[in-house]
Every structure is written in C-alpha cells, then in structure tokens.
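Here's the structure we're looking at; comments come further down.
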Amino acid sequence: MGTTTFSGPIKAGTIANTTGTTVGTNKANVGFVLMAQSGNVVFAANGTETVVATLPANSQIYQIAVDVTTAFDAGTTNTLDLGDGTTADKYADALALGSQARVLATSDVSQIGNLIDIGTSDVDITATYNQTGTAATAGAATVTVLYLQNRNLS
C-alpha cells in the first residue's frame with residue numbers, strides 16, 4: 001500500500017467557521033487530525049537514550065503508549081523515562097517495563113504544560129532506559145507518540 005505525505009497540519013470537518021447556532025448546518029465542526037510516530041526501544045546499558053519520534057514545532061502531545069513485547073529482565077528495576085533529549089523525564093517518568101503489557105504514560109502536574117505545547121522548534125522525543133540490579137539480557141518495546149500537529153496552544 002502506498003503512503004501520502006502532507007506538510008500539515010491536517011484538519012478535517014465540513015464547516016470551518018461558525019455563522020449561526022445550528023449543529024450540522026452553520027456551527028464549526030473542523031478539528032485537527034491525530035498523528036502518530038513510533039520507535040523501538042531494546043534493553044541496553046543503564047541510561048541509554050533512544051529517539052523514538054521527532055515532532056513538529058507547536059505540537060500538542062495527546063498520549064504516549066509503550067507496548068512491551070519482551071519483558072525487560074534487569075535484576076531489580078526496569079523503567080523508561082520519556083523526554084526531549086535535555087530533560088529525560090519531561091513527559092513521563094519511570095514507566096514499568098518488567099512485563100509484557102501496554103503501558104500508558106502518565107504525567108504529573110509539572111509535566112502537563114510540556115504536553116500541551118512542545119515549543120517553537122521541532123523536538124526529538126527520547127526514551128531513556130533505566131535499570132538496577134543485574135544487567136538486563138532481554139527486553140523490547142515500541143513507543144508510540146500520539147500528537148496534534150501545530151496545535152499551538154502556548
């Protein structure tokens with residue numbers, strides 16, 4: 001199957017501007033298309049950073065999912081931080097990788113603003129693998145970042 005690339009952002013809907021009060025006739029219903037980028041993470045040395053996506057400037061991160069397909073098996077802890085290459089846990093901190101599962105990134109209050117608008121430059125989304133105890137010999141996951149391109153909510 002072929003693919004098509006747009007420079008975006010892409011919006012969809014049938015009514016661009018509200019000119020009245022009737023739903024389906026003259027009330028705006030256009031919204032941004034949800035985009036996705038994915039990258040793989042495998043077991044490595046403690047602190048290993050992997051770029052899993054590169055988002056366009058002013059994007060809003062909607063959600064980040066980590067699909068652990070092979071459990072990471074370091075002796076004590078196996079976690080993943082999601083950041084921007086400068087701040088390792090800018091978007092999520094210490095996501096569990098010790099069993100096969102889909103792990104949805106959760107963010108605390110200090111991280112919410114970082115998700116709403118990534119800033120005025122493109123950003124690499126990085127995954128930093130953290131382990132303690134005996135070094136891992138197995139582990140694989142796919143990180144998927146869902147975002148709204150150029151939402152510009154800052």
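The values are calculated or read from the model by the stated rules, or taken from the named source; none is laboratory data. Just so we're clear, the structure is a prediction, and the values are computed from it rather than from any experiment. Methodologically, a virtual Cβ is constructed for each residue, glycine included, from the backbone with ideal geometry; neighbour enumeration extends over all protein chains shown. We work out accessible area using only protein heavy atoms, side chains counted, and drop any ligands, DNA or RNA first. Shrake-Rupley method; radii C 1.70, N 1.55, O 1.52, S 1.80 Å.
Observations on the structure shown:
- Options Ile64, Thr19, Thr76, ranked by Cα towards positive dipole end of the chain, top entry (Cβ charges): Thr19
- Placing +1 on the Cβ of every Lys and Arg and -1 on the Cβ of every Asp and Glu, with no other charges, gives segment 61-143 a dipole of roughly 240 debye about its Cα centre.
- Distant-in-sequence amide H partners of Tyr62 (H built 1.01 Å from N, under 5 Å): Leu146, Tyr147, Leu148
- The figure for Leu115 is an accessible area of roughly 30 square angstrom, using a 1.4 Å probe on the protein chains alone.
- Over the residues of the chain, the helix contribution to mean residue ellipticity at 222 nm works out to -1500 deg cm²/dmol, using -39500 (n - 2.57) for each DSSP H run of at least 4.
- Magnitude of the charge dipole for the chain, about its Cα centre and with charges confined to Cβ atoms of Lys, Arg (+1) and Asp, Glu (-1), is about 640 debye.
- Across Met35, Met1, the residue with the most accessible area heads the list, and the full order at a 1.4 Å probe is Met1, Met35.
- Dipole axis of segment 34-154 (+1 Lys, Arg; -1 Asp, Glu on Cβ), positive-most option in Ala94, Tyr147, Ala136: Tyr147
- Expressed as a whole percent, the accessible surface of the chain that belongs to carbon and sulfur atoms is 51, based on a 1.4 Å probe.
- Residues in the chain average 55 Å² of solvent-accessible surface per residue, probe 1.4 Å, ligands and nucleic acids excluded.
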